[in-house]
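Step one of this worksheet: look at the structure below.
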Amino acid sequence: MDSINAGLERMTAPAETPAQPLLPPVLEEVLLATLQLREKEAARELTAHFSQFFSSAHLPPALHEVIRPFAELAERILMLPNNPSRTVALVKLLESKDAAVRAAVSK
């Protein structure tokens, strides 16, 4: 009986092997580089998305001067690091630009 218990203990005892990394180092580097590239692509897409709203090409010439300061500030904000606060700044600037255009065309 003792030999059976000893055998069971050996079978159920945790293996004493060092923890293995989840990914081989080369694969981990490739994955990290891929994630960084996707982050840069997402930042470029967000920049393009917001830039379109500060264009005045589709508006009458009289409104170009109304939009110009907002477009210039948007360009500066887009140079800041891509983070949630930058997005909030762009959204609020867009709201301000829209209000200024409405004020300019209001009767």
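Rule-based calculations on the coordinates, nothing more; no lab input. Every value quoted in this text rests on a predicted model; they were computed, and no experiment measured them. Here the Cβ is made from the backbone with ideal geometry for all residues, glycine too, and neighbour counts use every protein chain on show.
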- Item | Output for the range 90-107, where each listed residue is of a type outside the set (A, V, I, L, M, F, W, C) and not in a loop (DSSP other than H, G, I, E, B) | Lys92, Glu95, Ser96, Lys97, Asp98, Arg102
- Message: Out of the residues in the range 53-85 meeting the condition of being under 20 Å from Val105 (Cβ atoms) and of a type in the set (S, T, N, Q), tell me which one is surrounded by the fewest Cβ atoms within 10 Å (Cβ to Cβ).
- Response: Ser55
- Glu75, sole failed condition from (1) in a helix (DSSP H, G or I); (2) farther than 15 Å from Leu93 by Cα: (2)
